[in-house]
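Read through the structure below, which is laid out as C-alpha cells, and then see the notes.
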Amino acid sequence: MKAKILYGMGLLGAALFSCTPSAQPAPDYINQEWAMDKLWEDGKAEVAIYDAERVVYGKPRQFDYVYVLVKEEFNKEYNVKTDDYNRSDLYSVMKVNKFCRIETLKYPYHYLTSVFYNRNSPNQVHKLTNTSQEWCGNTAKSFLEKGNRYEYQYMSYWDGQGNGITKIEKGPWFEDQLSYTLRSLNFEEGLQFEVDLYPMQVSSKADVPSTEKATVSITKAEQNELIGIDSTLINSPWKVTVSRDSGSDLTYWINDTYPNLLLKMEATDGRKLSLKSLTRDAYWDYE
C-alpha cells in the first residue's frame, strides 16, 4: 500500500493568514484523533528517559535523553502556554520537550528542543524551537506556523547565521517530529508512503533548512531487535523505517497498543535511543 502527501492544497480563507489555522485533513495513514484520548487529561506528563548515543568530534558519546509529552493550553496572542484560562483565544496543543547533556573531553553540549502540535493534528508541526549551549556559544531557532508557511527566526554564533528571519514551506515534516508523529500512524503491515523531510534541528547551526524526499515503511518488529529493553514496556511493536534519498536512514520501534510508546531508534549517522524508564508525572509541582 502506497500513498503520497500532497502539499499546498485545501488552504482556504482565513486559514491562509491565521497564526493558528484549523487542522487540515490528515492522510489516511495518520490517526488524526490520536491525542484526543482522555489519558492526556490527567494533569500529568509522559516522561520517557532513553539511553542515548550520538557521535560528537568523531567519537560515540553516551548520555540520557529525556522526552516529555504533555497537553497544554495555548493562547493565540502569544502562541505560548497561557496563564489565564478565562481567555477567549485558547486552543489545545501537545508539547514534546527533548532535553540532553552530552559530555565531551573538555566541555558539555546542552540541547533543548520543544515541538508543539495542534491536538487534532499529529502530523503537522505548529511550533518548533531549539536551543543549544556549549563553550563555543549559544544558538536559538524558532519555527512558527504562519498561514501556509513557517516563520523561521534564528540567532547563532556562526558566521553568516548570526541573526535572521525568513519563511520556509509548511507541509514537509521535520525529522524532529518523527518521534511523535510516527506514534499516530494507522499501523499496517507493508504500509509505505513518501514525505518531504526537513533535517534534524538539534544543532548549533542555524542555516535555512531544505527538504529531502524520504520513504516511510512499516513492518512488524522482530523479538531480538529489542533486547535490553524492559519487556513489560514492550507490546507487539512495529518497525518503522524512514529512508532518505541521500541514503541516511532512521529506524523506529513503536508499540502497537496505545499510547504507542517509542521504544527504540537507530540512525545510520550513529544516533541511538533505547527506552530505559517511563513515568507519568506532574514534574512542575516539585521544588
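Below, the figures for the structure above:
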read-out	value
Exposure proxy ranking, count of Cβ atoms within 10 Å, fewest first, for 154, 283, 91	283, 91, 154
Sites matching GluC sites (Glu not before Pro) across the range 134-235 that sit in DSSP coil, with at most 15 neighbouring C-beta atoms within 10 Å	188, 189, 222
For residue 151, net neighbour charge (Lys/Arg +1, Asp/Glu -1) across residues whose Cβ lies under 14 Å away	+4
Stokes-Einstein diffusion coefficient of the range 116-255, Kirkwood radius over Cα pairs, 37 °C, 0.692 mPa s, in µm²/s	196 µm²/s
Rh by Kirkwood over Cα pairs, then Stokes-Einstein D for the range 140-197 at 0.890 mPa s and 25 °C, µm²/s	178 µm²/s
DSSP-defined beta bridges in the chain - what % are antiparallel, rounded to 5	95 percent
GNM result for the chain, Cα springs below 10 Å: residue of 66, 47, 55 fluctuating most strongly	55
Given 98/167; 106/141; 81/220, the pairs whose alpha carbons are separated by over 29 Å	81/220
Phi to ³J(HN,Hα) by Karplus 6.51 cos²θ - 1.76 cosθ + 1.60 over the range 112-123, Hz, x for Gly, Pro	10, 10, 10, 10, 10, 10, 4, 4, 9, 9, x, 9
HN-Hα J in Hz across the range 69-84 - Karplus 6.51, -1.76, 1.60, θ = phi - 60°, x for Gly and Pro	10, 7, 7, 9, 9, 9, 10, 6, 5, 10, 6, 9, 4, 7, 9, 10
Relative contact order, percent, the range 2-281 [alpha-carbon distance under 8 Å, six or more residues apart]	18 percent
Dipole of the chain, positive direction: furthest Cα of 253, 241, 173, with charges on the beta-carbon	173
Order of 165, 254 under a 10 Å beta carbon neighbour criterion, fewest first	165, 254
For the range 2-281, projected area of the alpha-carbon convex hull averaged over all directions, nm²	15.4 nm²
Other-chain or far-sequence residues with amide H under 5 Å of residue 221's (modelled H)	238, 239
Euclidean distance of C-alpha centroids, the range 224-287 and the range 96-124, integer Å	15 Å
Within-12-Å neighbourhood charge of residue 109 [Cβ basis; K, R +1; D, E -1]	+2
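Each value in this text was obtained by applying a stated rule to the coordinates, not by laboratory testing. Just so it is clear, the model here is predicted, and its values are computed rather than measured. All Cβ positions, even for glycine, are placed from backbone atoms using ideal geometry, and neighbour counts span all protein chains on display.
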